[in-house]
Amino acid sequence: MRPARALIDLDALRHNYRLARGRHGGRALAVVKANAYGHGAVACARALAPEVDGFAVAFLDEALELRAAGIEQPILLLEGIFDAAELDEVVRHDLWMVVHHAEQIRIIDHAKPALPLDVWLKVNSGMNRAGFMPHELRAAWQRLKDNGRVGSITLMTHFARADEPHVLATSEQVAAFDAATRDLPGPRSLSNSGAILGWPDAHRDWARPGILLYGADPMPGEPNGLRPVMTLESAIMAIREIPAGAPLGYGARFRAERPTRVGLVAMGYADGYPRTVPDGTPVAVDGIRTRLIGRVSMDMLTVDLTDLPDAKLGSRVELWGNNVPVNRIAEAANTIAYELLCNVKRVRFEYAD
Ligand SMILES: *Cc1c(COP(=O)(O)O)cnc(C)c1O
């Protein structure tokens, strides 16, 4: 059997949820959109269900997958509904939804009276992506109140730069949110992972931790007690010696500087390991760090075993996990851990409870 697999440590997930909730105070929605950032939404939701305050996903189908798996906790749709048919499903499955756009209020206005809806009304406090402008907020809130179908309204916003501890943008967004919502009652929710760790001023009633749950610090730096949840690993499937000067792999990007013992690893970009990483990117073979050499191919990649005389066929290769932080690979690939984790596919997923 091909040894490529993603090991998911559900105990680390629970640990990280507790850490996020504790750092923020109040309640926390575990963000499990995009298949729990590539970790498996149903398995992660089941692991958190006994203690979680609720879940957040991006859109209806992601919530229905959780409901079908027996998840009964509150689930918030972060993008809200796209049409009236989705509102019927929201009612049927007792979901919460973000309302960020006037069209969504129009849909609610025209819906048949049903259960009181739980709405999270989103303010654009400066990211300028989604949400009502501060001057539109009061009218939006009033329309929701007046139509008789809305039970509770939570006020929320989202930060553009919470992972940048030294810029003022987040404080400005908090101030804009507070000004826009000053006279309105109801719980508040501002903080994503970056704000949970870095912006105590943004802590209110509900946190919305995503990447933190999976153990990747959005602001890598100080140790923070997070535990990586995913270990992406495979094994050495072949070994060869190449002489100094020999090319290796597609495009001959790498040329051996010395006689080199090359380990071939069953893992490629079709599995989600990024093709763009350079020679020298860290990997761990049987727990010892070495370097990737040569271009990553679709199904395979190559690593330098010259200084690892004990490495052999079947030696375990960690692409990221406890020995190689996923943030380090993200940096090498010029992206963020979020994207790498979401992209893992084709490998076997194995869950440890
Ligand atoms: C994805 C998302 C989050 C979680 O963000 P992280 O940076 O992963 O913690 C929180 N709130 C909203 C609105 C989101 O879309």
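The values are calculated or read from the model by the stated rules, or taken from the named source; none is laboratory data. Everything numeric here is computed off the predicted structure, so don't read it as measured data. Because the Cβ atoms are built from the backbone with ideal geometry, glycine has one as well, and the counts that use them run over all protein chains shown.
In table form, for the structure just shown:
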{"quantity": "Options ALA235, ALA284, ALA244, ALA270; residue that is more than 16 Å from the ligand (Cβ to nearest atom) and assigned to a loop (DSSP other than H, G, I, E, B)", "calculated": "ALA244"}
{"quantity": "Among (1) of a type outside the set (Gly, Ala, Ser); (2) within 16 Å of the ligand (Cβ to nearest atom); (3) farther than 25 Å from GLU350 by Cβ; (4) touching a strand residue (DSSP E or B) at 6+ places or on another chain (Cβ under 9 Å), the one test that PRO116 misses", "calculated": "(2)"}
{"quantity": "Residue within the stretch 140-148 that is within 14 Å of the ligand (Cβ to nearest atom), surrounded by fewer than 22 Cβ atoms within 10 Å (Cβ to Cβ) and either small (Gly, Ala, Ser) or within 26 Å of the chain's Cα centre (by Cα) (or both) present", "calculated": "no"}
{"quantity": "Yes/no for THR302 being part of a strand (DSSP E or B), in contact (Cβ under 8 Å) with a residue 24 or more places away in the chain, more than 26 Å from the chain's Cα centre (by Cα) and under 21 Å from ALA333 (Cβ atoms)", "calculated": "yes"}
{"quantity": "Residues (in contact (Cβ under 8 Å) with a residue 60 or more places away in the chain and loosely packed, with under 15 Cβ neighbours inside 10 Å) located in the stretch 310-334", "calculated": "LYS312, LEU313, GLY314, ASN322"}
{"quantity": "Sole residue being surrounded by 19 or more Cβ atoms within 10 Å (Cβ to Cβ), within 16 Å of the ligand (Cβ to nearest atom) and either free of Cβ contacts under 8 Å to residues at least 24 places away in the same chain or over 24 Å from the mean Cα position of the chain (by Cα) (or both), chosen from LEU155, LEU87, LEU77", "calculated": "LEU77"}
{"quantity": "Subset of the stretch 170-187 (residues that are farther than 11 Å from PHE159 by Cβ and buried (at least 20 other Cβ atoms within 10 Å of the Cβ))", "calculated": "ALA180, THR181"}
{"quantity": "Search result, residues across the stretch 181-203 that are in a loop (DSSP other than H, G, I, E, B), away from the ligand (no atom under 14 Å from the Cβ) and either at pLDDT below 95 or not small (Gly, Ala, Ser) (or both)", "calculated": "ARG182, ASP183, LEU184, PRO185, PRO187"}
